[in-house]
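The block underneath contains the structure these notes are about, expressed in structure tokens.
The values are calculated or read from the model by the stated rules, or taken from the named source; none is laboratory data. Because the structure is a prediction, the values reported are computed rather than measured. Every residue, glycine as well, gets a Cβ built from its backbone with ideal geometry; the counts of neighbours run over all protein chains shown. We work out accessible area using only protein heavy atoms, side chains counted, and drop any ligands, DNA or RNA first. Shrake-Rupley method; radii C 1.70, N 1.55, O 1.52, S 1.80 Å.
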Amino acid sequence: MTIRKIYKILTFCIATVWIVNGLFCKVLNLVPRHEQIVARILGNDHSRVLTFLIGLSEIAMALWILSRYKARLNAITQIAIVGIMNTLEFILVTDLLLWGKLNSLFAIVFILVVYFNEFYLNKKLIQQT
């Protein structure tokens, strides 16, 4: 498999993660635990609205990923958001996380995939052209 094909597949998979979490888990509220996490961290008063807005932001992130516009800035933004979000959840709401403290491992793997895709594979593609 070529580097270009691997890069495209990983880019699509990364965007899919954001769409699934944004649309299905938050906007459509198919995973109520997400709203509980928001309520615990940001307060109960507007947790549904905030969860919905976070979901829309995640969908926007997926569209930004797929657009390839300022891809490096996008990768840095993803890494920062996932890192900050998971640190807050680890400290404040471990009991609400699907895999508890193990969620951090999945976050680190996701961060590494984003980094590898944009700063290694994409760099190789640029060097080939």
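Worth a mention:
- Flag for Cys25 being among the hydrophobic types (A, V, I, L, M, F, W, C), closer than 19 Å to Tyr115 by Cα and modelled with pLDDT of 95 or more: no
- Residues in the stretch 73-91 that are within 12 Å of the chain's Cα centre (by Cα) and either surrounded by 17 or more Cβ atoms within 10 Å (Cβ to Cβ) or modelled with pLDDT under 95 (or both): Asn74, Ala75, Gln78, Ile79, Val82, Asn86.
So that you can scan it fast, the table gives a plain yes or no per residue for (1) among the small types (Gly, Ala, Ser); (2) open to solvent by less than 30 Å² (accessible area, probe 1.4 Å):
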residue: Ile3; (1), (2): no, no
residue: Leu42; (1), (2): no, no
residue: Leu53; (1), (2): no, no
residue: Met61; (1), (2): no, yes
residue: Trp64; (1), (2): no, no
residue: Ala71; (1), (2): yes, yes
residue: Leu102; (1), (2): no, no
residue: Ile111; (1), (2): no, no
